[in-house]
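The values are calculated or read from the model by the stated rules, or taken from the named source; none is laboratory data. As the structure is a computational prediction, the values presented were derived from the model and not from experiment. Using ideal geometry, Cβ is built from the backbone for each residue, glycine included, and neighbour counts are taken over all protein chains shown.
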Amino acid sequence: MRRIFILTAFSLITIFKSFAEEGMLIPSLIGAFEDDMKAMGMRLSAQDIYDVNNSSLKDAIMHFGGGCTAELVSGQGLMLTNHHCGYSQVQAHSSLENDYLKYGFWAKNKSEELKNPGLTASRIVRIEDVTASVFFGTEGLEGSAKLLKMKENTDQLIADAMTNNHFEADVKAFNYGNEFYMIVEETFLDVRLVGTPPNSIGKFGGDTDNWVWPRHTGDFSVFRIYSDVNNKPSEYSESNVPYTPLHFLPVSAKNRVPGEFTMVYGFPGTTEQHLTSGNLQYIMDIERPARIAMRDKSISVIDASMRSSDLIRIQYSSKQARIANGWKKWIGQLGGLKTVDALQIKLDREKAYNDMAATNEEWNKKYGSVIGEMNALVEKYKMADFGYVMFIEYQYVGPELFGRARTISKFLTEIGDLEKNGGLAEAKQAQIEGAKGFYKNYDEATDKQIFQLLTEEYINRLGKDNVPAILRSSSPEELANAIYSKSILTNQARFEKFMAKANSKSMAKLLKKDLGVKLWKETEETFVKTYLPGAQEFKGQMDQLLKTYVAGKLEMFPDEAQWPDANSTLRITYGKLEGSAPHDGMQYTEHTTLDGIITKNNSGNPDYELLPRMHELAKAKDYGDYAQDGELWVCFTGSNHTTGGNSGSPVIDADGNLLGLNFDRTWESTMSDYMFDSSRCRNITVDIRYVMWVMDRYAGAKHLVDEMTIVR
């Protein structure tokens, strides 16, 4: 909960006003919030939400692919998540002949559902506070001795949790190591694609509407979990059967009421609510603007290339979405933080924290200097951290030639041993076969343009003295021409030709002559030598200081509700279905309708492209049983605190029914990773009634709707 402290002339008064909408709560502790949630309209009990001995809502919530959330909606393992969460799977199945991105895909029966190697979905079995067990026997120990004992305890806890079962377990630190929880989960390995709407629905609005309101995006896709005949996880097999879940969510077709209770249940990725003013200022003034500038350039190239060719559109759709998502989020994030004067709020909170510490000698000794130390640490290491994030943007988000180099790096170092051991021919063929998947989704001309623009930006941001000599030896244009005309990394034919004859002698020559390989190697070596040590030191020291800082909050303000930063573990947040007024003279209504889709389409913006079927249904007002007061709701907003990883999370009503799928935040809300403002921050949800309408009336896949339990 948000807290702000102010020192008066006579006493310290807590003014951390508590907003029910803020906070990402650990499900096993939800009982402490049950009364507050019921006061807001919830009719469930804490046990209905989280129970380890009986089925509960938690058993319908799945961690999808390790990065998104999904929910089970039928007794046959049918699962919903966001369109953008399943996008890479849809892209992998797409081709010019089967353009599922453009036209969608719907399996008519289970035999047509498509397998997805490597895709998983995990159910939380239990969450257990093991703080005391992790720290057991560490009294009097310091440094490495204490860490060793904690690791020994942790390893034993995990081993015990995984004995005589097929579950997986991990112990995660919360509140920077002040608390520890064991997460036990069941991971399913056979997850098949059932259906997806076309991009004109699932990505309606594109970059124009991403992170903004009003929104009209049908951001959903449909998968199914399969298990063995004993309902246990199994690798893909034709003998597998649809999974029978412990619980699945009924679907609400009831009319929505502004102000009604909403709850989001999912796996939020990362928040950083405890950053100090110095750290936030570095992010706002230096780090975020530079990363935005790098992605500006990549997106400008990719967008133009995608418009020029259907093949490139298919090749780069998933990449573009991944790059653009963070880019636009960061732009809104900076705007929101500046609008609320986040730096001043941080400074006020820091003063209040220090003032409270000064009221008690023991507190002052433990906590009185920690904020100053954190701000000083940022000043000392911010350029090392900046070099780190710029390297990530350049080598991991930028031109794909670097990714190709990383993929073959192990082969480059092992070729001598492979020659001696007789495994070279097999290893070379494996490299050739593996590269086919990369080049299937690669356009050399597009990558060359990205390389040239990002290389120039990388040098300008870091300074010529702080980049490898190869980047100073010639202009980015000259370097691009040299690399993309000769390097084995940037062309499939050159790669296969070289690999067919590769031996240790030719490899030694390659490392000296191939400018693409040389650039990758020298850039990585400069990073490891110049930036990585400082960045690691910065993170390690800062985490220790944050542990102390948070401990101070917990000790000095024990009556204030606290919540740990998101760390991709299962969390609950609750609020209301409501609009907002984020700017002077601007009022956001709480929902959008199909009429808005047609209005946007009439603007001529290519991000609002529609296929003819949508026009036909809209003109006929063919809403089926999914309308409310003569309108077909598409999306709605709520005051739930969400972040990345909550994509695909179910938005649940007061009775435990599914209202829709969380998929985004408003642009004003992206600041909530650092600071939540209940008057501005809103999550965006695609209404489940629109999802069902698309399945039923648009796609002719009513058999999927018929699988669900619908509450009217």
Practice task
Starting from the range 104-117, take each residue that is in the same structural domain as Leu611 (by TED's automatic domain parsing) and at negative phi and list its partners that are crowded, with 18+ Cβ neighbours inside 10 Å and among the aromatic types (Phe, Trp, Tyr), counting only C-beta distances under 6 angstrom and pairs at least six apart or across chains.
Solution key: none
Practice task
Answer yes or no as to whether Leu157 is part of a loop (DSSP other than H, G, I, E, B), surrounded by 15 or more Cβ atoms within 10 Å (Cβ to Cβ) and either within 30 Å of the chain's Cα centre (by Cα) or of a type in the set (Ser, Thr, Tyr) (or both).
Solution key: no
Problem - Filter result for the condition that a residue is touching a residue at least 24 places away in the same chain (Cβ under 8 Å) and touching a Leu at 6+ places or on another chain (Cβ under 8 Å), over Ser317, Ser305 - result: Ser317
Exercise for the section: Check whether at least one residue in the range 543-555 is in a loop (DSSP other than H, G, I, E, B) and surrounded by fewer than 22 Cβ atoms within 10 Å (Cβ to Cβ), and report yes or no. Expected result: no
Exercise for the section: Say whether the condition of being of a type outside the set (D, E, K, R), assigned by TED's automatic domain parsing to the domain that holds Ile572 and part of a strand (DSSP E or B) is met by at least one residue in the range 667-682. Expected result: no
Handout entry: Residue in the range 622-643 that is out of contact with any helix residue (DSSP H, G or I) (no Cβ under 8 Å at 6 or more places or on another chain), over 25 Å from Met79 (Cβ atoms) and of a type in the set (Asp, Glu) present
Key = yes
Exercise for the section: Could you list all residues from the range 252-278 that are crowded, with 23+ Cβ neighbours inside 10 Å and part of a helix (DSSP H, G or I)? Expected result: none
Practice task
Please tell me if Thr446 is within 17 Å of Gly403 (Cα to Cα), polar (S, T, N, Q) and either surrounded by fewer than 20 Cβ atoms within 10 Å (Cβ to Cβ) or touching a Ser or Thr at 6+ places or on another chain (Cβ under 7 Å) (or both).
Solution key: yes
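Residues are listed down the side, and each one gets a yes or a no for (1) out of contact with any Leu (no Cβ under 9 Å at 6 or more places or on another chain); (2) under 30 Å from Thr276 (Cβ atoms); (3) at pLDDT 95 or above; (4) not assigned by TED's automatic domain parsing to the domain that holds Asp219:
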| site | (1), (2), (3), (4) |
| --- | --- |
| Ser11 | yes, yes, no, yes |
| Leu44 | no, no, yes, no |
| Ser56 | no, no, yes, yes |
| Ile61 | no, no, yes, yes |
| Gly65 | no, no, yes, yes |
Fill in the blank from the handout: Here the qualifying pairs (Cβ atoms under 7 Å; residues six or more apart or on different chains; first in the range 574-589 and not assigned by TED's automatic domain parsing to the domain that holds Glu34; second surrounded by fewer than 19 Cβ atoms within 10 Å (Cβ to Cβ)) come out as none
Handout entry: Any chance Gly416 is among the small types (Gly, Ala, Ser) and touching a residue at least 60 places away in the same chain (Cβ under 8 Å)
Key = yes
Exercise for the section: Pull up the range 556-586, narrow it to residues that are of a type in the set (S, T, N, Q) and closer than 30 Å to Ala376 by Cα, then point me to the one that is surrounded by the most Cβ atoms within 10 Å (Cβ to Cβ). Expected result: Asn567
Problem - Residues of the range 99-121 satisfying the condition of being farther than 20 Å from Pro242 by Cβ and either among the acidic types (Asp, Glu) or modelled with pLDDT under 95 (or both) - result: Asp99
Exercise for the section: Please specify each residue of the range 235-250 satisfying the condition of being hydrophobic (A, V, I, L, M, F, W, C) and buried (at least 23 other Cβ atoms within 10 Å of the Cβ). Expected result: Phe248, Leu249
Exercise for the section: Scan the range 612-643 residue by residue and report those that are buried (at least 16 other Cβ atoms within 10 Å of the Cβ) and assigned to a loop (DSSP other than H, G, I, E, B). Expected result: Tyr623, Tyr626, Ala627, Leu632, Ser639, Asn640, His641, Thr642, Thr643
Practice task
Can you tell me which residue within the range 419-443, out of those that are modelled with pLDDT under 90 and not small (Gly, Ala, Ser), is surrounded by the most Cβ atoms within 10 Å (Cβ to Cβ)?
Solution key: Glu419
Handout entry: Hits in the range 393-418 (condition: surrounded by 15 or more Cβ atoms within 10 Å (Cβ to Cβ), at pLDDT 95 or above and more than 13 Å from Leu489 (Cβ to Cβ))
Key = Glu393, Tyr394, Val397, Gly398
Practice task
Sort through Gly202, Gly177 and tell me the only one that's more than 22 Å from Lys115 (Cβ to Cβ) and among the small types (Gly, Ala, Ser).
Solution key: Gly177
Problem - Leading residue by the ranking (farthest from Ile408 (Cα to Cα)) among those in the range 450-506 that are hydrophobic (A, V, I, L, M, F, W, C) and not in a helix (DSSP H, G or I) - result: Val467
Exercise for the section: Check Arg313 against each of (1) surrounded by 22 or more Cβ atoms within 10 Å (Cβ to Cβ); (2) at pLDDT below 95 and name the one condition it does not meet. Expected result: (1)
Exercise for the section: Take the range 436-449 and flag every residue that is assigned to a helix (DSSP H, G or I), within 17 Å of Lys486 (Cα to Cα) and either not assigned by TED's automatic domain parsing to the domain that holds Phe402 or not polar (S, T, N, Q) (or both). Expected result: Tyr439, Glu444, Ala445, Asp447, Lys448
Exercise for the section: Filter the range 461-474 for residues that are without any contact (Cβ under 8 Å) to a residue 60 or more places away in the chain and either surrounded by 13 or more Cβ atoms within 10 Å (Cβ to Cβ) or touching a strand residue (DSSP E or B) at 6+ places or on another chain (Cβ under 8 Å) (or both) and give the result. Expected result: Val467, Pro468, Ile470, Leu471, Ser474
